[in-house]
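One structure below.
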Amino acid sequence: MKNFAYARASDTQSALHLLLQTPNAKFLGGGTNLVDLMRENIEQPDALVDVTGLPLDQIEETPDGGLLIGATATNTAVAMHRSVRERYPFLAQAIVFGASGQLRNMATVAGNLMQRTRCLYFYDTVARCNKRAPGSGCDAIDGFNRMHAVLGASDSCIATHPSDMCIPLAALDAKINVIGPNGERTIPFNDFHRLPEDTPQIDTNLQPDELITGIEIPPLGFAKRSLYRKVRDRASYAFALVSVAAALEVENGTVKNARLALGGVAHKPWRALAAERVLTGAKADLDTFRQAAEAELAPARGLAHNSFKIELAKRTIVGVLSELAERS
Ligand code: SF4
């Protein structure tokens, strides 16, 4: 690991100031991904600004009935919070499925948003990887690509986004509050992470000098009837092959409202808007659920080892929606 400077910030302004003092500095949250990447020499910052001491760990009600989750709240604090468990159960489920208890205790919400792909070629400094070394190529495309994307991939990169927590946040239309030298702004959740296109080295639309301060979750009454299902190779400590986050409101046998997002299939949390369009106003039955899944996966493209994900995603969508419909 390369030597680096370390500083601990006590408030957001000092955090921004400390970051600007050293070129190639990064914010440090729980470090559960960044430190791994530094050990492997994938990330080589010259300085780390530790933001875990900032007063941003609260989880609060918002005036409109939603929740504001501070950037440095731990994954455990969010998953265990009573309002999250009662009003957004799929968010609590996703966080619990996301990592071991030890990692959840360390990892922050903002760090979860910023974690990088677990593509094995990205971690292998001998391999060609456009995300790690832009313009070098992508060894995953013709390599072992079982974990890789089937939606929204490009000729430059077929990596998937690794977070579980982000999948229900995409379905919830959350907003990300950030602060930078030019002041505060809010980024809609679905604009935060990027598709790879020809710049896979840029994962998000957060500017390098901006700090995440919190996530706003809007009120969504029917999200209390929601479910997160993660399909993976083993029951713990594995990333999703496919995951589905869904909330469903059924009235008199008809879908009144639906929210759906997919994980493990794309470079970003994948909001399933095509499926939601099919679901809304349709009969809440297996035919509708299958049509919704077919509509969402219609543009999917498989490679040598990951084509199975397309049917797996469809079946997981149908299974999750069926379970939610039965509950209602
Ligand atoms: Fe790198 Fe993306 Fe290719 Fe993986 S899929 S090797 S992250 S460019």
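The values are calculated or read from the model by the stated rules, or taken from the named source; none is laboratory data. Predicted model only: the values in this text are computed from it and were never measured. Reconstructed Cβ throughout: ideal geometry from the backbone, glycine too, with neighbour counts over all protein chains shown.
Structure above, values below:
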{"read-out": "Counted residues, region 200-248 - those being within 16 Å of the ligand (Cβ to nearest atom) and under 28 Å from ILE179 (Cβ atoms)", "value": "5"}
{"read-out": "Qualifying positions in region 100-114 - crowded, with 21+ Cβ neighbours inside 10 Å and either farther than 19 Å from ASN190 by Cβ or within 13 Å of the ligand (Cβ to nearest atom) (or both)", "value": "ARG104, ALA107, THR108, GLY111"}
{"read-out": "Entirely in region 56-131, the helices (runs of 4 or more DSSP H) that have 3 or more residues that are touching a strand residue (DSSP E or B) at 6+ places or on another chain (Cβ under 9 Å) and hydrophobic (A, V, I, L, M, F, W, C)", "value": "89-98, 109-114"}
{"read-out": "Failed item, numbered, when VAL96 is tested on (1) touching a Leu at 6+ places or on another chain (Cβ under 8 Å); (2) farther than 19 Å from LEU28 by Cα; (3) away from the ligand (no atom under 16 Å from the Cβ)", "value": "(1)"}
{"read-out": "Long-range neighbours under 8 Å by Cβ, at least six apart or interchain, first residue closer than 21 Å to PRO200 by Cβ and free of Cβ contacts under 8 Å to residues at least 24 places away in the same chain within region 241-268, second surrounded by fewer than 24 Cβ atoms within 10 Å (Cβ to Cβ) and acidic (Asp, Glu)", "value": "none"}
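Condition check ((1) closer than 27 Å to ILE217 by Cβ; (2) touching a Leu at 6+ places or on another chain (Cβ under 8 Å); (3) outside the structural domain of ILE310 (by TED's automatic domain parsing); (4) surrounded by 24 or more Cβ atoms within 10 Å (Cβ to Cβ)) across all residues:
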{"residue": "ASP124", "(1), (2), (3), (4)": "no, no, yes, no"}
{"residue": "GLY137", "(1), (2), (3), (4)": "no, no, yes, no"}
{"residue": "LEU151", "(1), (2), (3), (4)": "yes, yes, yes, no"}
{"residue": "ILE158", "(1), (2), (3), (4)": "no, yes, yes, yes"}
